[in-house]
Amino acid sequence: MNRATATRLSAYVFAGLAGVVMAFQLAVALGAPWGEFTQGGQSAGHLPVAGRILALVSAGVLALFATAILARVGRGPLATGRSRIVTAIAWIAAAYSGIAVLLNAASRAPQERMIWVPVSLVLFVTSLIALLGTRRPKAK
């Protein structure tokens, strides 16, 4: 597999997995009884209203991150956006994913650790591959 293919594939994996996480966040925001799998596992069953709002915000942020990562490989609605802004959002997505690995690993909820550590790790690695694979060489 060449570098361009690996870069594109990584962006697609990031976006697809982010879509799965968005669907989960939307489900808990709409009342799915999976509180122990999110937000530190503090709410067994349904999330309280504040938790549901946080889940909606999280879904929106993930959508923005996925579109920025896809834009790095010339795909999605931000592909024609200002490249510096898209690049900044994509790097924030990578940093956010890296921090999520640490936060999920530190969670007291075993269900959250079991599911979200690997998911966050894949998001982090694929975002880095997509970003590093689309870097422009510095001018001499």
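A few remarks follow.
- Globularity index of the chain, i.e. its alpha-carbon radius of gyration over 2.2 N^0.38 Å: 1.11
- Segment 46-128, Cα convex hull volume normalised per residue, Å³: 99 Å³
- Here segment 3-133 is assigned +1 on the Cβ of each Lys and Arg and -1 on the Cβ of each Asp and Glu. Its dipole about the Cα centre then comes out at about 440 debye.
- Each peptide in 98-107, 67-76 gets a packing score, the mean of other Cβ atoms within 10 Å over its residues, and the list from highest to lowest is 67-76, 98-107.
- Of the residues GLY76, TYR96, ALA4, the one whose Cα sits farthest toward the positive end of the charge dipole of the chain, with +1 on the Cβ of Lys and Arg and -1 on the Cβ of Asp and Glu, is ALA4.
- When the Gaussian network model of the chain links Cα atoms closer than 10 Å, the mean-square fluctuations of PRO110, PRO77, PRO118 top out at PRO77.
- Here the relative contact order of the chain, from alpha carbon pairs under 8 Å that lie six or more residues apart, stands at 31 percent.
- Over 16 Å [Cα-Cα, segment 7-80], rounded percent: 50 percent
- Helix axis angle, 83-105 relative to the chain longest principal axis, alpha carbon, degrees: 40 degrees
Values in this text are rule-based calculations from the coordinates and carry no lab data. Remember, it's a predicted structure, so these values are computed and weren't measured experimentally. Don't worry about glycine lacking a Cβ; one is built from the backbone with ideal geometry, like all the others, and counts go over all protein chains shown.
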